[in-house]
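The values are calculated or read from the model by the stated rules, or taken from the named source; none is laboratory data. This structure is a prediction, so every number in the text was calculated from the model and none was measured. Note that we place each Cβ from the backbone using ideal geometry, even for glycine, and neighbour counts take in every protein chain shown.
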Amino acid sequence: MVDDLKENLIALDAVLSSPNYRLVKARSGEEALKYILKQDFAVILLDVQMPGLNGFETAKLIKARKKSKNIPIIFITAISQDMEHVLRGYSVGAIDYIFKPFNPETLKRKVEQFVKIYQSHSENLKQVRVKNSMEFLKNQQFDFLKEVVEERTLDLLSTNEKLREEIKERKKVADDLYVSHERFKKIFKASPSLMAIRSIHNGRFIDVNQAWLYFTGYQYEDVKNQVFDWALFTCIDGHKVDLTDSEWNERLSNLKVTYQSKNGERRYGLLSTEIIDIQDESCVLILVNDITDRERLEKEMLRFDRLNLIGEMAAGIAHEIRNPMTTVHGFLQMWKTNKQPLSPEFIDVMLDELDRANSIIKEFLTLAKNKASNKTKQSLNQVIEPILPLINAEAILAGKRIQPHLAPCPELLLDEKEIRQLFLNLVLNGLEAMDAGGALTVRTCYEEDMVVLEVKDSGNGISPDILDKIGTPFFTTKEQGTGMGLAVCYSIAERHHAKIKVQTGQEGTCFSVCFHRSNQKQSLSGEKP
């Protein structure tokens, strides 16, 4: 009895304690091997999970030794009934598996049977020895006959031993196959995942488990030995996976698909397949982990996130517009109360506040996906080069400098006004992030079918808690900012099928706008990217 936990050995001792048995306890695989070198055993009860040599490694070493390779090994383990673990146990020489918590009566009966086999084997050996001794005594006066008898006896013993070994091996293989079949059958029937076995030869369904019937809504009689096109799955990208194809021999692993139940409900699952042989017939083992509830929950959470974002945006708009409206309302209230004409100075303040409110509304409308755009085929460099002098002058006034590096790039479909707005927003943010003397690098390049626009500052970087909120409307760290600049940039990039990537650190922050030419070509041909 091999187990690293003392309490488990005590439990086994209590169950198997008998005057007919001599129980030997080992706390590790190494200690068990020492006992096996010294004496023979009727059966070995071996734990799988142990420090040092685990059960699988210990079993391999026992089976590798000639004198101990025929000792039956029963794994007693708390590992879940996973087919991979079970098959591995049988591959290293186990004859049976018992899973914790085990049934004491079952364990006693199994050990009792192995002990009987061992005792029967020992008794046969004794009888053979006695018989040989008697033959030797009877024929000791006849040397020649004695030699002949001994040679024949040895030949017979050798032949009998070979027969016994062959019978034992065949019995072990048969027992292993039976146990494996029973284990697989139990796992197949009790699995919470949809499982089915389909013949490759004629396409009929050999068997399906209860989970398959539950999720699909079919009756067992509808499926058993039937050929029909239910096993037609659809990938998320629209590709069909037809498992009714008689030439299907592909192995899949957790492929996300949709399938349709008997009542027409569309469900989601992760599809895996494996080619197996059942009674010399090639079959496909189909396994589907149903994730419909998870998908619905994720969609619901996404909907809640969108509602939350809408609420935040509404609150931001209300906050930003309420300030100028409060100012205008205050001056008009004062004019109504005093009944005196407002001074031009107050009127200018009201107009400035109304212009500010109008500007916020314009920026918010820029976020709209269906905003009309006028895209023409042109170079990115041609769009941003004309405004570089203006940006450079702005930088010089602040004691900073612009470093442009514009490489030749292929033409793209661009809305000139929107790209300039995106570029100006990124550049002005970069200039504001730097102290006097800082340098802002503007770079364009063409790499891996992408045209890239980079704006890199030499500031102190962006903290992680702020980085997650970048691009959220009305989120700003500036005292006079509206929080719409980067949100507008992300919206413009999306309308151009581009992606904005942000890299930040102590040496500064780099915003990269990546225009994929393949998406641009699809847009030009009218296809959805």
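Annotations
- For the range 88-97, filtering for residues that are of a type in the set (V, I, T) and surrounded by fewer than 16 Cβ atoms within 10 Å (Cβ to Cβ) leaves 0.
- Residue under evaluation G430, criteria (1) in contact with a helix residue (DSSP H, G or I) (Cβ under 6 Å, 6 or more places away or on another chain); (2) touching a residue at least 60 places away in the same chain (Cβ under 8 Å), criterion not met: (1)
- Residues located in the range 190-222, provided they are more than 24 Å from Q260 (Cβ to Cβ) and either assigned to a helix (DSSP H, G or I) or without any contact (Cβ under 8 Å) to a residue 12 or more places away in the chain (or both): A190
So that you can scan it fast, the table gives a plain yes or no per residue for (1) surrounded by fewer than 16 Cβ atoms within 10 Å (Cβ to Cβ); (2) over 24 Å from S491 (Cα atoms); (3) assigned by TED's automatic domain parsing to the domain that holds H497:
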residue: A395; (1), (2), (3): no, yes, yes
residue: I402; (1), (2), (3): no, yes, yes
residue: L414; (1), (2), (3): no, no, yes
residue: L431; (1), (2), (3): no, no, yes
residue: E447; (1), (2), (3): yes, no, yes
residue: V455; (1), (2), (3): no, no, yes
residue: L467; (1), (2), (3): yes, no, yes
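- Scanning the range 342-386 for residues that are part of a helix (DSSP H, G or I), among the β-branched types (V, I, T), modelled with pLDDT of 85 or more and out of contact with any Asp or Glu (no Cβ under 6 Å at 6 or more places or on another chain) turns up just one, I384.
- Looking only at residues of the range 33-87 that are charged (D, E, K, R) and within 20 Å of D4 (Cβ to Cβ), we find that the one that is surrounded by the fewest Cβ atoms within 10 Å (Cβ to Cβ) is K34.
- Listing of helices (runs of 4 or more DSSP H) fully contained in the range 1-108 that carry 3 or more residues being without any contact (Cβ under 8 Å) to a residue 40 or more places away in the chain and under 25 Å from D176 (Cβ atoms): 29-38, 55-64, 83-91
- Which numbered condition L440 fails, given (1) surrounded by 19 or more Cβ atoms within 10 Å (Cβ to Cβ); (2) part of a helix (DSSP H, G or I); (3) among the aliphatic types (A, V, I, L, M): (2)
- Among the residues making up the range 261-289, those that are part of a loop (DSSP other than H, G, I, E, B) and surrounded by fewer than 12 Cβ atoms within 10 Å (Cβ to Cβ) are N263, G264, Q279, D280.
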